[in-house]
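The next block holds one structure in the form of structure tokens; read it before the comments.
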Amino acid sequence: MGKQTKQIIQAPFVQDMIEVTQNMWRNGWDERNGGNVSYLIEEQQLQNYLDLNHVKRSIPLAFPVKTLANRYFIVTGSGKYFKNVAKDPEDTLAIVKVASDGQSVDLLWGLSNGGNPTSELPSHFMSHIARLEADDNHRVIIHTHTTNVIAMTFVHDLSAKAFTKTLWQMCTECVVVFPEGVALLPWMVPGTDKIGMETAQSMETHRLVVWPHHGIFGAGESIDDAFGLIETAEKAAQVYMLVASHQGGIKQTITDQELIDLAEAFHVTPNPNYI
Ligand code: 13P
Ligand code: ZN
């Protein structure tokens, strides 16, 4: 391990990736190689750590992302276990620069034992494009296999309106944390351009997109922001799974008026399509 590599492991963006993947694995969300993270980083953040002209190899993209040309990302590798990121960040993570034609990425660091960036790169990159349109400060996309959100997609109505309303009702903070609600896609084969395009379309107006029987995508301005958002939805889904299967059933919940009062008190506007 060279001096430069030692230093880059101490970089805040690498430490953030180590911490978040470890937390997701400990939460039981990311079994085996489940889940992936991508984090948009600025050239200035990188230049103290890496020779940006030294390209290890070029990796072609099946979907062009011209809008992200010359942008840098740290991403998890495909098939890499979140359990192992802290032990070997240089094998499990990758720092890439999108080529100026948007047709490939240049690998600058990581994937030391070979491999590619996450197979969900189409969904990540297209979602970054959608979220950057909505929010200049957007930086992070996380995909994870949140246990209770997945469970809920087997027993709950899959309309975005009904699903969102239930999540809002399960924990008082939910409508404040994600007033725009959650989007849901139909079940689809993961890793494809199609699921990427549909996820990104939902990301134009939402920061949370549920993939039924698979997991969730969350967006944020930082790793903490994206993780906190997913954590909040997952907690609400956990409460739902506890109460929905309770022998006595649900006896009371947060009412629509109470949701409106909450939103007013915290100066947020709940998605009018969902309430
Ligand atoms: P990768 O290992 O390619 O990131 O895929 C994991 C996953 O969760 C697919 O949806
Ligand atoms: Zn997945």
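Derivation of every value follows stated rules applied to the coordinates shown; laboratory data play no part. Quick caveat, the model's predicted, so the values are computed rather than measured. As a convention, Cβ positions derive from the backbone with ideal geometry for all residues, glycine included, and neighbour counts pool all protein chains shown.
A few points about this structure:
- Three-way shape call for the range 64-214 based on the alpha-carbon gyration tensor, with the a/c threshold at 1.5: prolate
- Dipole magnitude (debye, nearest 20) for the chain, charges at Cβ of Lys, Arg, Asp, Glu: 820
- Remark: spin-label model distance ASN84-GLU204 equals 4.0 nm, labels positioned 7 Å along the Cα→Cβ axis.
- Sum of side-chain charges, GLU43 neighbourhood, beta-carbon under 12 Å (Lys, Arg +1; Asp, Glu -1): +1
- Summarising the label geometry, the points placed 7 Å from Cα in the beta-carbon direction at PHE63 and VAL268 lie 2.7 nm from one another.
- Environment charge at HIS128 (Cβ cut-off 9 Å; Lys +1, Arg +1, Asp -1, Glu -1): +3
- Ordered by the number of other Cβ atoms lying within 10 Å of each residue's own Cβ, fewest first, SER123, SER78, SER245, SER58 fall into the sequence SER245, SER58, SER78, SER123.
- Cα gyration tensor, the range 210-275 - rounded (a/c under 1.5), prolate or oblate: oblate
- Each of THR192, THR92 was scored by other Cβ atoms within 10 Å of its Cβ. Listed from fewest to most, they are THR192, THR92.
- For the range 5-59, the set of GluC sites (Glu not before Pro) satisfying both a DSSP loop assignment and a count of at most 14 other C-beta atoms within 10 Å is given as GLU31, GLU42.
- Per residue, the average separation of C-alpha pairs within less than 8 Å and at least 6 apart gives the chain a relative contact order of 19 percent.
- Likely footprinting exposure, SER127, SER202, SER222, fewest C-beta neighbours within 10 Å first: SER222, SER202, SER127
- Gained length - ASN137 relative to SER100, 0.36 nm times residue gap less alpha-carbon distance: 11.1 nm
- Longest to shortest principal axis, alpha-carbon extents of the range 156-275, angstrom: 42, 36, 27
- Taking other residues whose beta carbon is less than 14 angstrom from the beta carbon of THR205, and scoring Lys, Arg as +1 and Asp, Glu as -1, yields -2.
- Karplus 3J(HN,Hα) series, Hz, for the range 44-53 with 6.51 cos²θ - 1.76 cosθ + 1.60 (x for Gly, Pro): 4, 5, 8, 5, 6, 10, 9, 7, 6, 8
- Sparsely packed loop sites in the range 161-212 (the chymotrypsin sites (Phe, Trp or Tyr not before Pro) outside DSSP H, G, I, E and B with at most 15 other Cβ atoms within 10 Å) comprise TRP187.
- Across LYS87/LYS194; LYS66/LYS161; LYS165/LYS235; LYS80/LYS161; LYS83/LYS235; LYS66/LYS194, pairs whose alpha-carbon gap is larger than 26 Å: LYS87/LYS194; LYS66/LYS161; LYS80/LYS161
- Cα gyration tensor shape for the range 121-178, rounded if a/c is under 1.5, else prolate or oblate: prolate
- Across all Cα atoms of the chain, the radius of gyration (one decimal) and Dmax (whole number) stand at 19.1, 64 Å.
- Over the range 96-225, relative contact order from alpha-carbon pairs under 8 Å, at least 6 apart, %: 34
- Folded to 0 to 90 degrees: helix 121-134 orientation relative to the chain principal axis, Cα: 70
- Sites GLU221 and GLN247 - FRET efficiency at Förster radius 30 Å, r taken between beta-carbons, to 0.05: 0.10
- Of the residues VAL55, SER112, TRP29, the one whose Cα sits farthest toward the positive end of the charge dipole of the range 1-131, with +1 on the Cβ of Lys and Arg and -1 on the Cβ of Asp and Glu, is SER112.
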